[in-house]
Amino acid sequence: MKTIYIQDWILKIDAEKTEEYYDSITVEEGCDCAYCKNYIKNCKTFPKEVLNFYKMLGIDPQKEGEFMEFETDTGKHLYMGFYHLVGEIIKKPSKKAKKWDNLNIIKVNNLKFTFTDKLDLVPDNFPRPVIQLEFEVMLPWLLEEKI
Ligand SMILES: [Zn+2]
């Protein structure tokens, strides 16, 4: 495991093990509803700094753990969800701050991220120890099909 520093977060991660896991599953195994397809299509247009952020952690953004989607009055879609990765949280920016407090938020381009060790829906075969990367992003609708 390697120690990394992101803003005021200190984490220990095993990006190689995480990457091996993501390599072992396919996008097709995921859900194929229009919301998921739109998300995956958007992943291909993510700016380099966002892709680099996921790559540093060993995560393939097209294979999300789970997300919720909300249509907003701007016509864009708010996606909120999470990914698992192999690692441990060594230090949070603040013990008291809530998950989405500004102290905890990592902004990478138009995405907001935070880490948590309160886990949801970890696959049985995901290598341990596990932490969760949570994200929020506004994305356009890129599919031809309407919902
Ligand atoms: Zn879906």
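FYI, it's all coordinate maths here, none of it is from the lab. Values in this document were obtained by computation on a predicted structure and should not be read as measured data. FYI the Cβ positions are ideal-geometry reconstructions off the backbone, even for glycines, and counts take in every protein chain you see.
Residues checked against (1) without any contact (Cβ under 8 Å) to a residue 24 or more places away in the chain; (2) under 23 Å from Ile6 (Cα atoms):
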| position | (1), (2) |
| --- | --- |
| Phe70 | yes, no |
| Asp73 | yes, no |
| Lys96 | yes, yes |
| Asn110 | no, yes |
| Phe115 | no, yes |
| Phe126 | no, no |
| Glu134 | no, yes |
| Trp141 | no, no |
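Residues that are touching a Leu at 6+ places or on another chain (Cβ under 9 Å), loosely packed, with under 15 Cβ neighbours inside 10 Å and within 22 Å of Leu143 (Cβ to Cβ): does region 51-64 have at least one?
No, because not a single residue in region 51-64 is touching a Leu at 6+ places or on another chain (Cβ under 9 Å), loosely packed, with under 15 Cβ neighbours inside 10 Å and within 22 Å of Leu143 (Cβ to Cβ).
What is the residue count in region 71-101 for residues that are in contact with a strand residue (DSSP E or B) (Cβ under 9 Å, 6 or more places away or on another chain) and of a type in the set (S, T, N, Q)?
So the count comes out to 2.
Within region 23-34, does at least one residue satisfy the condition of being of a type in the set (S, T, N, Q), within 16 Å of the ligand (Cβ to nearest atom) and surrounded by fewer than 15 Cβ atoms within 10 Å (Cβ to Cβ)?
Yes, region 23-34 has at least one match.
Tyr79 is checked against (1) assigned to a strand (DSSP E or B); (2) surrounded by fewer than 16 Cβ atoms within 10 Å (Cβ to Cβ) and fails just one. What number does that condition carry?
That leaves (2) as the condition not met.
Looking at (1) closer than 22 Å to Leu111 by Cα; (2) in contact (Cβ under 8 Å) with a residue 60 or more places away in the chain; (3) in a helix (DSSP H, G or I); (4) of a type outside the set (Phe, Trp, Tyr), which is the only condition Lys17 fails?
All conditions pass for Lys17, except number (1).
Kindly establish whether Lys37 is more than 16 Å from Glu134 (Cα to Cα) and either out of contact with any Asp or Glu (no Cβ under 9 Å at 6 or more places or on another chain) or of a type in the set (Phe, Trp, Tyr) (or both).
When the stated conditions are applied, Lys37 does not pass them.
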